[in-house]
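Structure first, commentary second.
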Amino acid sequence: MSTVIDVAGLVKTFGSTRALDGLDLEVAAGEVHGFLGPNGAGKSTTIRVLLGLLRADAGRATVFGGDPWYDAVGLHRRLAYVPGDVSLWPNLTGGEVIDVLARVRGGLNDRRRAELLERFELDPSKRGRTYSKGNRQKVALVAALASDAELLLLDEPTSGLDPLMEAVFQQVITEVKTEGRTVLLSSHILAEVEALCDRVSIIRAGRAVQTGTLTDLRYLTRTAIDAQTARPADDLAILPGVHDLRVDGNRVRFDVDGDRLDETMRSLAAYGIQTLTSAPPSLEELFLRHYGDELTDEKLATAEASR
Amino acid sequence: MTTLAGTWPMARLVLRRNRVWFAVWLTALVALPVLGVPSLDALYPTQADIDTYARTAGSSPAAVAMNGPGHAVHTLGGIVVFEMGGYVAIAVALMNVFAVGRNTRAEEELGRVELIRSNAVGRHATLAGCLLVVFAADVVLGTAVAAGMVAFGLPSAGSAAFGASLTAIGVVFAALTALTAQVSEYARGAYAIAGAAVGASYVVRAAGDTGDGTFSWLSPIGWAQATRPFADSRWWPLLIPAGAAVLLVAAAVLVESRRDHGAGVVRPRPGSVTASRGLLNQVGFTLRLQRGGLIGWSIGVFLGGLAFGSVARETQDMMAENPGVRELFDPSGRLGLTDLFLGMVLLMLAMAIAGYVVASTLRMRAEEYAGHAEPLLAGALSRRRWTLSRLAVPAAAAVALLALAGLGVGIAHAVLTDDPMEVPRLVGAAVAHTPAVWLLAGIAMLLFGVTPRAAPLTWLVLAGSVVASLLGSVFRFPGWLVDLSPFERTPQLPGGDLTATPLVVMAVLAIALAAAGVSGFRRRDLATSG
């Protein structure tokens with residue numbers, strides 16, 4: 001597999017703020033890559049550097065092997081972009097904007113344009129001023145998805161879409177994926193990322209803190225175990241990798257690190273397992289774990305309990 | 001009245017957001033007429049000088065067309081009003097148009113008013129709060145001008161009347177913009193209608209003042225000038241602008257209580273579902289975005305040219321009656337007074353057109369800040385092509401608008417003099433202003449490309465050039481300072497010699513500045529909204 005986006009040690013500062021602080025990111029051809037991080041982590045900045053709209057201060061960023069700052073125009077013929085906050089010209093209609101954006105990219109597929117307008121239920125005759133946030137987003141989505149671009153850079157593309165449209169979006173991206181196109185999807189909608197993405201990068205404060213397939217990431221995190229045993233499993237706490245052990249008579253609940261699961265289960269079996277439920281870590285948990293320092297284990301437990 | 005709930009906090013918000021803005025405008029608008037007093041005093045130190053002025057410049061129909069009726073030009077105060085009153089009136093009107101538009105419709109268009117209106121704030125609170133501050137600014141302006149003039153020794157009755165007349169002009173145009181901001185869905189539209197009214201007021205007044213005066217009563221600027229400061233200083237004409245302001249505000253309130261938030265009076269029609277061929281081209285796209293303004297300006301400068309062109313001949317008649325005037329304006333005797341007047345008209349039109357061209361160039365900045373440049377530049381559109389297509393429109397518009405202005409002046413003058421050759425002569429003279437106008441666009445492009453935050457400074461350059469050219473002699477600016485104005489570098493046309501060198505130099509300089517700006521834009525980060 002060839003690499004479409006290759007970013008290493010990327011630094012971008014705005015005055016005294018260090019928006020990107022040695023970011024690494026690799027997106028392979030044909031994959032849908034989830035790009036996660038809290039607000040202000042540097043996701044949009046990264047995408048804008050990849051578009052050549054911002055100039056990196058240090059580090060390497062290439063798209064299709066080219067430099068996005070110097071080869072912007074050539075690279076842009078091969079990619080399509082959906083900004084997170086779509087601002088339309090107030091007096092142009094949605095249809096006109098779609099055509100203008102397609103034109104500056106190098107054309108669009110008319111049949112696909114019509115089909116997408118229908119699937120997203122977008123009225124192209126209304127003027128930019130009168131569209132709601134979700135509909136503005138749809139204009140940008142149709143313009144990008146109606147193209148034959150090899151790479152889609154989507155910056156929170158579904159913010160403002162209703163759940164039905166979110167489903168349409170997921171279908172369309174699945175189709176895009178089967179066509180072998182590459183997608184970088186920045187998103188806060190974790191269900192969307194879990195459904196669509198082959199690999200995920202989580203960034204915080206301008207650095208990548210975690211990258212890999214969802215399976216890889218799950219391996220790195222804890223599984224929640226809830227079991228009834230024949231005898232109280234008091235001694236589990238001494239095992240490495242077991243956290244938050246709560247023993248309540250014959251019932252035992254704890255979290256266990258992914259790479260310690262096997263040996264822990266062997267120890268647990270010694271107590272005579274009668275019932276067992278295990279919950280794999282959700283992306284949400286991964287997310288929470290990597291997001292704020294301020295999130296204590298306690299809060300995580302609450303978040304988990306409320307699910 | 002619950003619809004006014006929250007007016008006071010809204011007024012404070014307007015004041016807080018615009019304190020620097022108001023400070024700059026008010027300082028300039030007070031300084032202009034007040035500092036004119038000692039300057040003109042030095043220019044005409046004795047009563048004999050003043051009497052000469054009254055016989056010559058002060059009674060020239062050309063000067064009357066430009067400045068308004070000279071009611072008291074045999075006094076220093078009257079000269080100050082005559083020399084500066086007309087220009088200051090336009091500036092005061094424009095300040096009010098912008099002040100109201102930017103705090104009402106522009107805010108609503110950006111969605112900020114919605115945020116405010118969702119609180120315990122009445123429907124008319126934004127408008128009322130804004131008008132409160134703007135009216136107060138007009139009163140401060142009038143009072144400060146009057147106080148300043150008295151401080152320089154002018155009679156208090158005349159100073160007060162002049163100050164009050166400026167306040168009246170401000171209040172009328174603030175009230176008018178309050179209405180246009182309700183009618184148009186876009187701030188740009190509100191400015192356009194109100195700005196056209198300012199232009200029309202000036203032209204209608206000129207037609208009235210050079211005729212029997214009837215038309216002047218149709219113009220707010222005419223109403224204000226009817227106070228005759230330093231002559232008999234009448235106060236009753238101010239009842240007309242006061243009444244007009246009440247009616248306009250009432251109409252604005254009526255419209256605002258009937259319309260939906262965010263909407264104008266005209267409902268937007270559904271538009272084309274596909275882009276036309278013209279729109280797919282970047283120049284065509286830019287033209288489309290600026291279409292309304294361009295059409296409005298085309299009509300405006302043409303009609304303005306017609307109006308001023310049609311009074312030019314009267315200066316001829318006056319010259320026959322008054323040899324002193326000729327001596328004053330044209331000691332060499334080479335230029336006809338008519339040509340001098342026509343040149344002045346073209347200069348003023350060129351300055352207005354420069355205003356449009358600078359605004360059109362700075363649209364790039366607005367587009368970038370609004371996030372409209374980003375999706376286009378994320379396409380296969382180079383930054384160079386993005387800027388060049390957006391520069392092409394103001395560059396071409398400069399030539400076209402100047403030609404139209406010259407055509408208006410030329411046609412009017414040709415009809416009156418029965419000489420069709422006046423048309424090409426005046427079109428040519430008008431188009432000669434192109435390099436000067438381009439130079440200002442070049443400065444705008446340079447600032448936008450290199451440091452977009454500073455780009456509005458172009459307006460200061462334009463304002464400085466206008467003041468230097470129109471009032472440089474009044475303030476006795478040193479020659480080199482006046483000569484910094486690009487408008488002063490354009491040869492005196494019609495009638496004078498067409499010297500190509502300054503035109504070529506300015507055009508080359510304009511292109512060089514623009515090129516530097518384009519290159520700067522290619523090197524910098526795009527300003528992003530998120």
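With all protein chains present, how much of the accessible area of the range A:159-271 (probe radius 1.4 Å) comes from carbon and sulfur, to the nearest whole percent? Carbon and sulfur together cover 50 percent of it. Counting, for every residue in B:274-286, the Cβ atoms of other protein chains within 10 Å of its Cβ and taking the mean gives 4. Computed packing ranks the peptides B:152-165, B:241-254, A:256-269 as B:152-165, B:241-254, A:256-269, most packed first, by mean other Cβ atoms within 10 Å.
Peptide A:75-88 has a mean shielding of 4, counted as Cβ atoms of other protein chains within 10 Å of each residue's Cβ.
Take every DSSP beta bridge with both residues inside chain A and express the antiparallel ones as a percent of the total, to the nearest 5. Looking only at bridges with both residues in chain A, the antiparallel portion is about 70 percent. Screening chain B for DSSP H helices whose Cα atoms reach 30 Å or more along their own axis and whose mean Kyte hydropathy is at least -0.5 gives B:19-43, B:76-103, B:125-151, B:156-183, B:187-210, B:337-369, B:383-417, B:500-523. Rolling a 1.4 angstrom probe over the protein heavy atoms with all chains in place gives chain B an accessible area of 41 Å² per residue. Its Cα centre serving as origin, the range A:1-50 has a Cβ charge dipole (Lys and Arg +1, Asp and Glu -1) of approximately 280 debye.
Residues of the range A:95-114 that bury at least 20 Å² of accessible area when the other protein chains are present, relative to the chain alone (probe 1.4 Å, heavy atoms, ligands and nucleic acids excluded): A:Glu96, A:Asp99, A:Val100, A:Leu101, A:Arg103, A:Val104, A:Arg113. Place +1 on the Cβ of every Lys and Arg and -1 on the Cβ of every Asp and Glu in the protein assembly as shown, take the dipole about the Cα centre, and give the residue among B:Gly305, B:Ala31, B:Ala161 whose Cα lies farthest towards its positive end. With unit charges placed on the Cβ atoms, the residue in question is B:Gly305. What FRET efficiency do you get for B:Val140 and B:Asp51 if R0 is 30 Å and r is their Cβ-Cβ distance, rounded to the nearest 0.05? It comes out at approximately 0.25.
On the range B:1-97, 68 percent of the accessible area sits on carbon and sulfur atoms, based on a 1.4 Å probe.
For the peptides B:438-447, B:138-147, B:350-359, residues were scored by their other Cβ atoms within 10 Å and the scores averaged per peptide; the highest-first order is B:438-447, B:350-359, B:138-147.
Averaging the Cα positions of each part gives two centres, and for the range B:84-102 and the range B:408-436 these lie 29 Å apart. Annotation: the antiparallel percentage among DSSP beta bridges lying fully within the protein assembly as shown is about 70.
Can you give the net charge of the other residues whose Cβ lies under 14 Å from the Cβ of B:Gln47, counting K and R as +1 and D and E as -1? Local net charge: -2. Surface composition of the range B:225-293: carbon plus sulfur atoms contribute 64% of the solvent-accessible area (1.4 Å probe, protein chains only, all chains present). Averaged over the residues of peptide B:261-273, the number of Cβ atoms from other protein chains lying within 10 Å of each residue's Cβ is 4. Per residue, the solvent-accessible area of the range A:166-230 (1.4 Å probe, heavy atoms of protein chains only, all protein chains present) comes to 40 Å². Lysine pair count for the protein assembly as shown (Cα-Cα distance under 25 Å; residues 8 or more apart in sequence or on different chains): 6. For the range A:67-132 versus the range B:223-240, the spacing of their alpha-carbon centroids is 58 Å.
Remark: accessible area buried at the A-B interface is about 3400 Å², both chains counted, probe radius 1.4 Å. Ligands, DNA and RNA excluded, the heavy atoms of A:Thr130 present near 60 Å² of accessible surface to a 1.4 Å solvent probe. Between B:Ala147 and A:Leu276, the distance separating the two model label sites (each 7 Å from Cα on the Cα→Cβ line) works out to 8.8 nm.
The values are calculated or read from the model by the stated rules, or taken from the named source; none is laboratory data. On a predicted model such as this, the values are computed, not experimentally measured, just so you know. When we count neighbours, we look across all protein chains shown, and the Cβ atoms used for this are built from the backbone with ideal geometry, even at glycine. The accessibility values were calculated without ligands, DNA or RNA, using every heavy atom of the protein model including side chains. Shrake-Rupley method; radii C 1.70, N 1.55, O 1.52, S 1.80 Å.
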